[in-house]
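See below for the structure under consideration.
The values are calculated or read from the model by the stated rules, or taken from the named source; none is laboratory data. This is a predicted model, so every value here is computed, not measured. Neighbour counts run over all protein chains shown; Cβ positions are idealised from the backbone, glycine included. Quick note on the areas: whole protein, heavy atoms, side chains included, nothing else; ligands and nucleic acids left out. Shrake-Rupley method; radii C 1.70, N 1.55, O 1.52, S 1.80 Å.
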Amino acid sequence: MRSSETIASATGYLLLKLANLASTRMEEALLPFRLRGRDLRVLAFVEDGELSQRDLCERTGLDRTTMVAVIDELERNGYVRRDRSPSDRRKQLITVTADGRTILSEALTAMRRTEDDFLAPLGEDDQRQLHRQLSLLYAAHDPRCHTDETPDPELLPSSGVGVAGTRHSEGPTRPTT
């Protein structure tokens, strides 16, 4: 088998190509709302309740520099407000605005429609199975992962491989986000 055939038939390669296609389609769907995928992620977490920038970094997995840029953009668009914490003046609290709630609702609808279109070649049962399997893989390789399908850590296969391929002696930790 030629090297190009080996790559093209690798599951990891297919996952990367599909992730790129899905990302491109999601980003296009979010353009009318002046949002990118990472903006939508942050806005969704802020909509759940007032959070500090540090909390948002931990929950979304974005680094501090990226988070500042995202919040700057969301604030510029009028979707969030940044205020000093009354109890700790060093802390910035991020709150969603009424416009932010409206845009979030509309953007989530567009995201779901885009996802439905993207997954349309699969039947409903296959879509549920794909979601379940991807959730299991995500939880097995990133202990911070939490999805609606995240299993109890004791139920995960004990491959001994953790995040970024590092070995660990204990089972996976309970997801925090």
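Tabulated data
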| quantity | calculated |
| --- | --- |
| Counted residues, region 100-130 - those being part of a helix (DSSP H, G or I), farther than 25 Å from Leu56 by Cα and open to solvent by 70 Å² or more (accessible area, probe 1.4 Å) | 8 |
| Hits in region 97-145 - residues which are modelled with pLDDT under 95 and β-branched (Val, Ile, Thr) | none |
| Selection within region 21-35 - of a type outside the set (A, V, I, L, M, F, W, C) and either without any contact (Cβ under 8 Å) to a residue 24 or more places away in the chain or assigned to a helix (DSSP H, G or I) (or both) | Ser23, Thr24, Arg25, Glu27, Glu28, Pro32 |
| Residue in region 10-17 that is loosely packed, with under 11 Cβ neighbours inside 10 Å and not in a helix (DSSP H, G or I) present | no |
| Within region 81-99, considering residues that are among the polar types (S, T, N, Q) and open to solvent by less than 60 Å² (accessible area, probe 1.4 Å), the one nearest to Leu30 (Cα to Cα) | Thr97 |
| Selection from region 45-80 of residues that are surrounded by fewer than 17 Cβ atoms within 10 Å (Cβ to Cβ), touching a helix residue (DSSP H, G or I) at 6+ places or on another chain (Cβ under 8 Å) and modelled with pLDDT of 95 or more | Gly78 |
| Matching residues, region 21-78, being polar (S, T, N, Q) and under 14 Å from the mean Cα position of the chain (by Cα) | Ser23, Thr60 |
| Pair list, Cβ under 8 Å, 6 or more apart: region 52-71 residue part of a helix (DSSP H, G or I), other residue open to solvent by 30 Å² or more (accessible area, probe 1.4 Å) and among the β-branched types (Val, Ile, Thr) | Gln53/Val68; Glu58/Thr176; Glu58/Thr177; Arg59/Thr177; Thr60/Thr177 |
